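Below is one structure, written out as structure tokens; the observations come after it.
The values are calculated or read from the model by the stated rules, or taken from the named source; none is laboratory data. Keep in mind that what you see is a predicted model, and the values were worked out from it rather than measured. In this analysis, Cβ positions are derived from the backbone assuming ideal geometry, glycine residues included, and neighbour counts consider all displayed protein chains.
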Amino acid sequence: MEKTVKTAKQLVEETGNGVVSVAPDALVIAVLQTMADNNVSAVLVMDEQKLLGIVTARDYVLKVELLGRNARDTRAHEIMTRDLLCVSADDSSERCMSIMHNKQVRHLPVIEQGSVIGTLSMRDVLEEVVAEDEHLIKDLERERIESSGETGGSY
């Protein structure tokens, strides 16, 4: 029995998590509005098609609020995380989960042929990995019942 595993591209397509981005010179207040409008907790910082970084709600709290800065006077490039981990469109949900867990990141940009096609959140990936495991367990249980001749009930 083989486990069915989706790719990062399939997850992006299913979740509808396309590219949500802002320009590097965008004010943080606009970044926050973009997050709110798209119901996300992270946005990519891009110059045209070039990925420069990511701003998360955590970045805002740690780099603006806690430092006494103002969201109306601070630019995205000033608080973005620059060293990004990205995954390929062909990477499996399990590989995405492993990267997120081992590197302690909550968002992964997905790259296909040099272009960003979306972002996966820890929630997206975790829900998929759990669903894949549940499906495998049900298949194994069904296979065990069929091979043992059990009918599933007692008479």
| For the stretch 59-84, what are the residues that are surrounded by fewer than 16 Cβ atoms within 10 Å (Cβ to Cβ) and either touching a Phe, Trp or Tyr at 6+ places or on another chain (Cβ under 6 Å) or under 20 Å from V19 (Cβ atoms) (or both)? | R82, D83
| request: Looking at (1) within 30 Å of E146 (Cβ to Cβ); (2) touching a Ser or Thr at 6+ places or on another chain (Cβ under 9 Å); (3) of a type in the set (D, E, K, R), find the lone condition where K9 falls short. | output: (1)
| query | Is there any pair linking a residue in the stretch 60-87 that is without any contact (Cβ under 8 Å) to a residue 60 or more places away in the chain to one that is acidic (D, E) and not in a helix (DSSP H, G or I), with Cβ under 9 Å and at least six apart or on different chains, and which? | reply | R75/D25; A76/D25; H77/D25
| message | I'd like the full set of residues that are in contact with a strand residue (DSSP E or B) (Cβ under 8 Å, 6 or more places away or on another chain) and either surrounded by 14 or more Cβ atoms within 10 Å (Cβ to Cβ) or among the aliphatic types (A, V, I, L, M) (or both), limited to the stretch 19-34. | response | V19, V20, S21, V22, A23, P24, A26, L27, V28, A30, V31, T34
| Among the residues of the stretch 75-90, is there at least one that is modelled with pLDDT of 95 or more and under 30 Å from E143 (Cα atoms)? | yes
| remark: In the stretch 1-17, anything in contact (Cβ under 8 Å) with a residue 60 or more places away in the chain, out of contact with any helix residue (DSSP H, G or I) (no Cβ under 7 Å at 6 or more places or on another chain) and not in a helix (DSSP H, G or I) is listed as T7
| said: Condition first: surrounded by fewer than 19 Cβ atoms within 10 Å (Cβ to Cβ), under 19 Å from V110 (Cα atoms) and among the aliphatic types (A, V, I, L, M). Now tell me which residues in the stretch 1-18 satisfy that. | reply: V5
| remark: Selection over the stretch 35-70 where residues are over 24 Å from Q104 (Cα atoms) and in contact with a strand residue (DSSP E or B) (Cβ under 7 Å, 6 or more places away or on another chain) yields a count of 1
